[in-house]
1. How many of the residues in the stretch 134-148 are under 25 Å from Pro77 (Cα atoms) and either away from ligand 2 (no atom under 16 Å from the Cβ) or exposed (fewer than 11 other Cβ atoms within 10 Å of the Cβ) (or both)?
2. If I ask for residues that are in contact (Cβ under 8 Å) with a residue 40 or more places away in the chain and assigned to a strand (DSSP E or B), which ones from the stretch 57-95 would you list?
3. Which numbered condition trips up Pro77, out of (1) over 30 Å from Arg9 (Cα atoms); (2) at pLDDT 90 or above; (3) exposed (fewer than 11 other Cβ atoms within 10 Å of the Cβ)?
4. Within the stretch 94-120, take every residue that is hydrophobic (A, V, I, L, M, F, W, C) and surrounded by fewer than 15 Cβ atoms within 10 Å (Cβ to Cβ) and give me the one that is nearest to the chain's Cα centre (by Cα).
5. Tell me which of these Val101 doesn't satisfy, since it passes every other one: (1) modelled with pLDDT under 95; (2) farther than 15 Å from Leu31 by Cα.
6. Which of (1) touching a strand residue (DSSP E or B) at 6+ places or on another chain (Cβ under 9 Å); (2) surrounded by 14 or more Cβ atoms within 10 Å (Cβ to Cβ); (3) among the charged types (D, E, K, R) is the odd one out, the single condition Glu151 does not satisfy?
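The values are calculated or read from the model by the stated rules, or taken from the named source; none is laboratory data. These numbers were taken from a predicted model, which means no experiment stands behind them. With ideal geometry, Cβ positions are generated from the backbone for all residues, glycine too; neighbour counts draw on all protein chains shown.
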Amino acid sequence: MIIFGANTRYKTLHKGHFYCPNCMTERPYELKEARPYFTLYFLPVFPIGKPREVVQCAHCQMIFDTTVLSMEKPKRPMSLADILNHLDDLLASGTPVEYLVRDMTAADLEREVALRAIRDVIGDARVECPDCHLSYASDITTCSVCGRSLEHHAD
Ligand SMILES: [Zn+2]
Ligand SMILES: [Zn+2]
């Protein structure tokens, strides 16, 4: 009986470091050329199909598409200084007031001070999402949490 089949052979092209989504941290990787081979009695005889480049994590051995190399490490949570420096952008882009207060007080800022910092940027006017009960700067038109459009009342 003749035993034939297919197998994938890997050739290491180069090595480096990347953010492994499986290990969720930075790991060494090997960029490999994967090539399916026709095998006879388990010995590779000739390649079938085109070679493909893959990335293998040297730690967990998981194999990824090469697009994994352009993935970035998830950003660390914003520091209090980041929040305060970008408060106007954050509010203008529709971050709920309550989330900002929560993040600022989590970073040890007093609640009163956090509220005052927000008031300094957008004043006292707010729009509130009727579903989430989150409030936004008064010129925000969509709730960023549930997507509901926020109605503006004249009163
Ligand atoms: Zn890994
Ligand atoms: Zn909402």
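1. Within the stretch 134-148, the first condition is being under 25 Å from Pro77 (Cα atoms), and the residues that meet it are 134-137, 140, 142-147.
Subset that is either away from ligand 2 (no atom under 16 Å from the Cβ) or exposed (fewer than 11 other Cβ atoms within 10 Å of the Cβ) (or both): 147.
Here the count works out to 1.
2. Answer for the stretch 57-95, where residues must be in contact (Cβ under 8 Å) with a residue 40 or more places away in the chain and assigned to a strand (DSSP E or B): just Phe64.
3. So Pro77 meets the others, but not (2).
4. First, pick out the residues of the stretch 94-120 that are hydrophobic (A, V, I, L, M, F, W, C): 97, 100-101, 104, 106-107, 109, 113-115, 117-118.
Next, from what is left, pick out any that are surrounded by fewer than 15 Cβ atoms within 10 Å (Cβ to Cβ): 106, 113.
Working: Ala106: 22, Val113: 31 Å.
Across the stretch 94-120, the extreme among qualifying residues is Ala106.
5. (1)
6. (2)
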